[in-house]
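Peer 1: Structure provided below as structure tokens; questions to follow.
The values are calculated or read from the model by the stated rules, or taken from the named source; none is laboratory data. The model shown is predicted, which means the values in this text are computed figures rather than measured ones. Cβ: placed from backbone, ideal geometry, glycine included. Neighbour counts: every protein chain shown.
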Amino acid sequence: MIAVQPRQRGRLVALTAFVCLLCTLPYWRALTLPAISDTYLQVWAGRHYGPISQWSELAADALYRCRTTSIWLTAVTESIFGFSQPILQLESLLLHLLNVCLIAALGRWSRIGFQLSIPAALLWGLNERHHEAVIWYAALPEQLVFFFVILTVLLWLEWWQNGKVHFYWASLTSFVLALLSKESAVAVCALIVLPLLFEPKRYRQLLHAAAPYFFLSITYFAFNFLDRSTNLHWNDGTFRIGWHFLPVLFNSTARLFSVWGIAAIALLVYNRKTVEWRIVLFALAWIPICLAPYVFVSYMPRVPSRHVYLASLGVALLISVAVRPLLQSRSTVLLLLGLYLVSNTGYIWFYKHNQFVERANVTEHLIRDAKLLSTAEDQRALQVSCFPLAPEIAVIALSQHLGLAESRISVDKTASASCLKPQVQLVLD
């Protein structure tokens, strides 16, 4: 790994802090958003499965045990601050910035270096393509699986470079936590093979060291498959095995690249004689590897934006390699950075923000109507009808904001042609 001198370390810390500051800009408006509906399910999962006494029940839940780290984090946050949407939103943003720091730290690997990792961290942190993973608190597993996957790779590279065994065991421990964050963590098994692009003769050593990672992944998948009858995602049509994964992969990759990625490819071709193509291959391979766990999605023609949170790092690395020859011109760098920042921030602020407000309005309007009928002192039961989302969301949201016991709230699951908006009524006992 690259040895960092004390003076250089201070400069790198300051530069990374500046990058983190810039990366907050796209998400300032999101801090004012009300709770999006599925946030209530995430909070419920933290309350229900977070206590140590409930961990055995969590282990038996085929879906939520694969999101254990997010459940633990939500449980700890609520136990300290209570239910506070601004706190939850701030926590999500801080976790995003922590992930930006991890990308910057990839520069310790000499094959990448800080001249590529810090620009990649900035480009990735500002990228609007994966904004949903940051703004939507229920997508917390995406941020946590990113954190532990990158930490796993970073520690693996430390071991790969200097051979110190404690880095290897730390990497394996981080991988276990990644598996407890989301199913997509299995992508690590392919990511840790990528250093062979630079040192192919070490393949025997790598395969031997990677064996525990493959074993854990196979065991993890086996338990998931055996419990598929109780796992919602195996049965609700979210994913389906089929050849449709090819157009999904193509559409998702093309959308990830956008105009900036295409311009980067053009620059790489123009400067092809001076480009380090192994880094380019590393970045290009990163994208399909990280998209692979999601490409069987069946309800969209492409992978949802929150699921490209990890894959988009490949594009950020690719652009960093492409613009490296331009870094000598400060005016060019400032112009491109300004355009990149304004385009990504503007897209989130002025286009996507209103969409998140609309998603939150389903529960916000229900809560408002319920408050007009009931108070914490009025313990009469509530009956909800025409609610378009999971009934549990209405129950949790009303219980949280009205102080009612969940048993006092019932939701009619039937829908009729007259249902224009959610309705709430007092039930006279």
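Peer 1: For the condition in contact with a helix residue (DSSP H, G or I) (Cβ under 6 Å, 6 or more places away or on another chain) and over 30 Å from LEU58 (Cβ atoms), what is the one hit in ILE265, ILE279?
Peer 2: On the way: ILE265 fails: in contact with a helix residue (DSSP H, G or I) (Cβ under 6 Å, 6 or more places away or on another chain).
Of ILE265, ILE279, the one residue that is in contact with a helix residue (DSSP H, G or I) (Cβ under 6 Å, 6 or more places away or on another chain) and over 30 Å from LEU58 (Cβ atoms) is ILE279.
Peer 1: Select, from VAL188, VAL153, the only residue that is within 15 Å of ALA211 (Cβ to Cβ) and touching a helix residue (DSSP H, G or I) at 6+ places or on another chain (Cβ under 6 Å).
Peer 2: Details: VAL153 fails: within 15 Å of ALA211 (Cβ to Cβ).
Only one candidate passes the filter, namely VAL188.
Peer 1: Something else now. Mind checking which residues of segment 99-143 are among the small types (Gly, Ala, Ser) and out of contact with any Asp or Glu (no Cβ under 7 Å at 6 or more places or on another chain)?
Peer 2: Residues of segment 99-143 that are among the small types (Gly, Ala, Ser), as a first pass: 104-105, 107, 110, 113, 117, 120-121, 125, 133, 138-139.
If the condition is that a residue be among the small types (Gly, Ala, Ser) and out of contact with any Asp or Glu (no Cβ under 7 Å at 6 or more places or on another chain), then ALA104, ALA105, GLY107, SER110, GLY113, SER117, ALA120, ALA121, GLY125 are the ones that fit.
Peer 1: Moving on. Kindly list, by first and then second residue, each pair from a residue in segment 14-37 that is over 16 Å from TYR347 (Cβ atoms) to a residue that is of a type in the set (Phe, Trp, Tyr) and not in a helix (DSSP H, G or I), limited to pairs with Cβ atoms under 7 Å and residues at least 6 apart or on different chains.
Peer 2: Matching pairs, first to second residue: ILE36/TRP136.
Peer 1: On to the next question. Does any residue of segment 237-247 turn out to be assigned to a helix (DSSP H, G or I) and either of a type in the set (A, V, I, L, M) or in contact with a Leu (Cβ under 6 Å, 6 or more places away or on another chain) (or both)? Walk me through it before giving the result.
Peer 2: Filtering segment 237-247 for residues assigned to a helix (DSSP H, G or I) gives 245-247.
The next check asks that each one be either of a type in the set (A, V, I, L, M) or in contact with a Leu (Cβ under 6 Å, 6 or more places away or on another chain) (or both); those that pass are 246.
Yes - at least one qualifying residue is present in segment 237-247.
Peer 1: What is the number of the single condition among (1) closer than 30 Å to LYS352 by Cα; (2) modelled with pLDDT under 95; (3) not small (Gly, Ala, Ser) that LEU22 does not meet?
Peer 2: Result: LEU22 fails condition (2) only.
Peer 1: Show me the helices (runs of 4 or more DSSP H) entirely contained within segment 73-141 in which 2 or more residues are farther than 15 Å from ASN344 by Cβ. So that I can check it myself, show each step before the final result.
Peer 2: Numbers: elements: 85-105, 114-126, 132-135.
Where helices (runs of 4 or more DSSP H) fall fully within segment 73-141 and carry at least 2 residues being farther than 15 Å from ASN344 by Cβ, they are 85-105, 114-126.
Peer 1: Pull out all pairs, ordered by first then second residue, where Cβ-Cβ is under 9 Å, the residues are six or more apart or on different chains, the first lies in segment 74-88 and is surrounded by 12 or more Cβ atoms within 10 Å (Cβ to Cβ), and the second is part of a helix (DSSP H, G or I) and small (Gly, Ala, Ser).
Peer 2: THR74/ALA45; THR74/GLY46; ALA75/ALA45; ALA75/GLY46; VAL76/GLY46; THR77/GLY46; GLU78/GLY46; SER79/GLY46
Peer 1: Please go through segment 238-250 and pick out each residue that is surrounded by 15 or more Cβ atoms within 10 Å (Cβ to Cβ) and either closer than 19 Å to ALA285 by Cβ or small (Gly, Ala, Ser) (or both). So that I can check it myself, show each step before the final result.
Peer 2: Filtering segment 238-250 for residues surrounded by 15 or more Cβ atoms within 10 Å (Cβ to Cβ) gives 239, 245, 248-249.
Scanning segment 238-250 gives PHE245, VAL248, LEU249.
Peer 1: Among (1) crowded, with 18+ Cβ neighbours inside 10 Å; (2) free of Cβ contacts under 8 Å to residues at least 40 places away in the same chain, which single condition is PHE175 missing?
Peer 2: So the condition that PHE175 fails would be (2).
Peer 1: On to the next question. Does segment 217-229 contain at least one residue that is within 23 Å of the chain's Cα centre (by Cα) and basic (Lys, Arg)?
Peer 2: no
Peer 1: Then there's this: How many of the residues in segment 54-72 are in a helix (DSSP H, G or I) and within 18 Å of the chain's Cα centre (by Cα)?
Peer 2: First, pick out the residues of segment 54-72 that are in a helix (DSSP H, G or I): 54-60, 64-72.
Restricting the remaining residues to those that are within 18 Å of the chain's Cα centre (by Cα) gives 64-72.
Residues meeting the conditions: 9.
Peer 1: Return the total of residues in segment 290-321 being within 22 Å of LEU106 (Cβ to Cβ) and surrounded by fewer than 19 Cβ atoms within 10 Å (Cβ to Cβ).
Peer 2: Total satisfying the criteria: 1.
Peer 1: Can you tell me which residue among ALA292, ALA209, ALA222 is in a helix (DSSP H, G or I) and within 18 Å of THR152 (Cα to Cα)?
Peer 2: On the way: ALA292 fails: within 18 Å of THR152 (Cα to Cα); ALA222 fails: within 18 Å of THR152 (Cα to Cα).
Only one candidate qualifies: ALA209.
Peer 1: If you don't mind, another one. When you check SER217 against the structure, is it of a type in the set (Gly, Ala, Ser), out of contact with any Ser or Thr (no Cβ under 7 Å at 6 or more places or on another chain) and either surrounded by 14 or more Cβ atoms within 10 Å (Cβ to Cβ) or not assigned by TED's automatic domain parsing to the domain that holds VAL315 (or both), yes or no? Break it down into steps so the answer makes sense when it comes.
Peer 2: Working: of a type in the set (Gly, Ala, Ser): yes; out of contact with any Ser or Thr (no Cβ under 7 Å at 6 or more places or on another chain): yes; either surrounded by 14 or more Cβ atoms within 10 Å (Cβ to Cβ) or not assigned by TED's automatic domain parsing to the domain that holds VAL315 (or both): yes.
Yes.
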